[in-house]
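What follows is one structure encoded as structure tokens, with my remarks underneath.
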Amino acid sequence: MSISTSVLDELLQHMPELRSQMYFKASLIALSHAMEDQVLASAEETLVIANFQREKFYRQEAHRYRRIADANPQVYVLAAPETNFAHSSEYYEKVAFNADDALANEWHLIVISAKYAACLVCRERQGQDDSRVHLDMGLTMDQTRRFEGIWTFNRQVSQVAASLMFDRILHYRPELGEKIAEARSHFLGDRPNQSYEIDPDPFAHRLMTYLQAGQYKLLKAYRSIAAQEQQERLLNLITSAIRQSLDPKEIFQIAVWEIGQAMRVCRCIVYPCKPNDTEAVIEHEYLSSESLNSLVGHPWPLRDNPLFQTIVDNQEAIAIEDTHNESEVDLSALSPLIREWHLRSWLMVPITHQGRLIGMMELHGCGSQPRTWRQGDLNMVEAIAAQLGIGLIQAEAYANLESLNQQLEALETTRSNLIAITGHELRTPLSTIQVCLESLASEPDMPMELRQVMLSTALDDAERLRNLVQDFLTLSQLESGRTQWHLEALSLDECVSLALSSIRTRQQREALPQIVTDVSQELPLVKADGEWLVEVLSKLLDNACKFTEPEGEVTIEAQRNGAGMLEVTIKDTGRGIEPNRLEAVFDRFYQEEGALRRTAGGTGLGLAICRQVIFSLGGQIWANSEGRGQGSQFHFTVPLVKSEEVEELALKGLQAMVGAPMKGTQKAKRQKRSPTRRQ
């Protein structure tokens, strides 16, 4: 049966002159340990009665009470059982009371010897006045628990408290009646003729030690809280930067500045990298002093850096406190780097995402004394590196998304242009062919001259349709990579002559601008596929003639550009190109005018085909123009034949001429390729 009456209330009823005070748990622990140390320091037999409220609090002090019980037979320990606590007399008397007993909310320690006595009788404050602070994970900060009660060295008060506690002990363990009667007689009897002096040294010493230990723990907790607050502030700052901007450069710059200041290092650098990179050019740096040498713009070695290679293998940070005295890692290969940039202490933390290295963060100590990298520093930098990894992946994903959106927009534009251009280019010649054929079929008496006009018109539009389909097939073949290239040593002058032959055929039927050729026969040979090179020249010449008035002029020039390439230029005095359109003219289906209102025919695929061919041959192609009415210039380059390649290419050309040992299938393929030029 439990007892609901508080021992503190009973004590105050017996001695109404007493006044209770407030105590925090930390104070009670200090007082209790000081009283227990007083017992351990005394050579006299002492009565000790302790109530720990619950078993979990008793377990923390069980070893101390075994030491106390070794020299004192009258030791009683009370607690509400939670696991294994039970009535026992093994080392001292253990009393297990019911969990709903008033003792479960009280804290008692009574010490009585021949020379001194002390008691601590307290009750924990409950309800709305309880100021417990709950931390993460459901833990309770016990140091904020508050108690009210009596603490005194008065022997009479201690004896009354001991008597009340004996009554509680007998309630649960009546078999201890004889032992308790002996304790009452020996420790609770009147001793009027004795004077009691308390030695304050052990008590004060223990109190001071405990308070100093508590102060140290508090200071350590404050440091931990400050470090955690700093880490959270940095993480929040970087997270905010990532949310506001997905630009990796801006994120890196904020990161190096904040980390460098927070860690108080001489230098902090952050750079993107991959495991196979040879070096990285530093763009983002924090320097604590202007006297330090800056790494911005300098290449930073990676492949020859053993620290970087170790991180690539292990995916873990490396902290070197003193590069002048490092035993775990061989830094001999980095000695020039260490001397040049005054690296005394070095911390490298990888920036990873799902096991993939995407960047590196480095902190440098450049002072005369080495720096100790604490575990808290490592944890903070690694947490920031993890956040940077997430930010970089998000920025990369956003960039990829933007690229995909641009590709989708380009595809949509291509689709629209394809529908508009093919619709116009197919419908117009088909309509003409249909009208001509219907006229020929319905008018058998049509004059021969008019019949010939109808047939010529139908044939011209049929050729126009054939060229349209052929351009589609050619570009598709080039972009899919199915084209077989047959490189040989060629004379540019001969290729230009072949291209001009088709233009001269057109000049017999329609008025075209004057074409001037300024290509020297002394130019070195080029390494190219002859039929495709002629195709490019033909399309560029056709394009220049299409947009130049008959009174204008088209010029073909060629010269070496000093980079092992031959540069060909086709200039015209035509309508010109707006400067902002110079790149777009090489896009598929690009038309300077709308598909339905343009004055010049064509599919808009000619320049796209030229670009694919030139790129495949290893050259470049571009356009220049001063704007409307200023004419335009189209340039492209093709590689020159190297001296060691002349004999090999000449031999291949000879074999092709005599048919040996070139296989028939290869000759057949050569006849089938380049379907766009059949002039």
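The values are calculated or read from the model by the stated rules, or taken from the named source; none is laboratory data. Keep in mind it's a predicted model, so treat the numbers as computed, not measured. Here the Cβ positions follow ideal geometry from the backbone for every residue, glycine too, while neighbour counts run over all protein chains shown. With ligands, DNA and RNA removed, areas are computed over all heavy atoms of the protein, side chains included. Shrake-Rupley method; radii C 1.70, N 1.55, O 1.52, S 1.80 Å.
Structure above, values below:
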{"read-out": "Thr517 long-range amide H proximity, modeled H, under 5 Å", "value": "Ile556"}
{"read-out": "Relative packing of 348-357, 47-56, 178-187, which averages over residues the other C-beta atoms within 10 Å, highest first", "value": "47-56, 348-357, 178-187"}
{"read-out": "Per residue, in Å², the accessible surface of the stretch 233-295 once ligands and nucleic acids are set aside, probe 1.4 Å", "value": "52"}
{"read-out": "In sequence order, calculated HN-Hα J values of the stretch 322-334 (Karplus, 6.51, -1.76, 1.60; Hz; x Gly/Pro)", "value": "9, 5, 7, 9, 10, 9, 7, 10, 7, 9, 4, 5, 9"}
{"read-out": "FRET efficiency, 1/(1 + (r/R0)^6) with R0 56 Å, evaluated for Asn236 and Ser456 via beta carbons", "value": "0.10"}
{"read-out": "Global size of the stretch 338-472 as Cα Rg and Dmax, reported in angstrom", "value": "35.6, 110"}
{"read-out": "Sequence-distant residues sharing a close amide H with His87 (under 5 Å, placed H)", "value": "Ala96"}
{"read-out": "Residue-wise HN-Hα coupling along the stretch 65-72, computed from phi with Karplus coefficients 6.51, -1.76, 1.60 (Hz; x: Gly, Pro)", "value": "6, 5, 5, 5, 5, 4, 10, 9"}
{"read-out": "Solvent-accessible area, 1.4 Å probe, carbon plus sulfur percent, for the stretch 224-315", "value": "46"}
{"read-out": "Kirkwood-Stokes translational diffusion coefficient of the stretch 214-281, alpha-carbon pairs, 20 °C, 1.002 mPa s, µm²/s", "value": "151"}
{"read-out": "Values of log10 I(q)/I(0), in the order q = 0.25 Å⁻¹, for the stretch 448-492 under a Debye, Cα-only, solvent-free model", "value": "-0.87"}
{"read-out": "Gain in span if fully extended, Glu316 to His298, counting 0.36 nm per residue against the direct Cα distance", "value": "4.0 nm"}
{"read-out": "Per-peptide average of other Cβ atoms within 10 Å, ordering 433-445, 370-382, 150-162 highest first", "value": "150-162, 370-382, 433-445"}
{"read-out": "Whole-Hz couplings from phi, Karplus 6.51/-1.76/1.60, listed for the stretch 622-629; x for Gly and Pro", "value": "7, 10, 10, 6, 8, x, 4, x"}
{"read-out": "Linear extension gain, Glu340 paired with Leu465, 0.36 nm per residue minus alpha-carbon span", "value": "38.0 nm"}
{"read-out": "Amide H within-cut-off set for Met361, under 5 Å, with H built and near neighbours excluded", "value": "Val349, Ile351"}
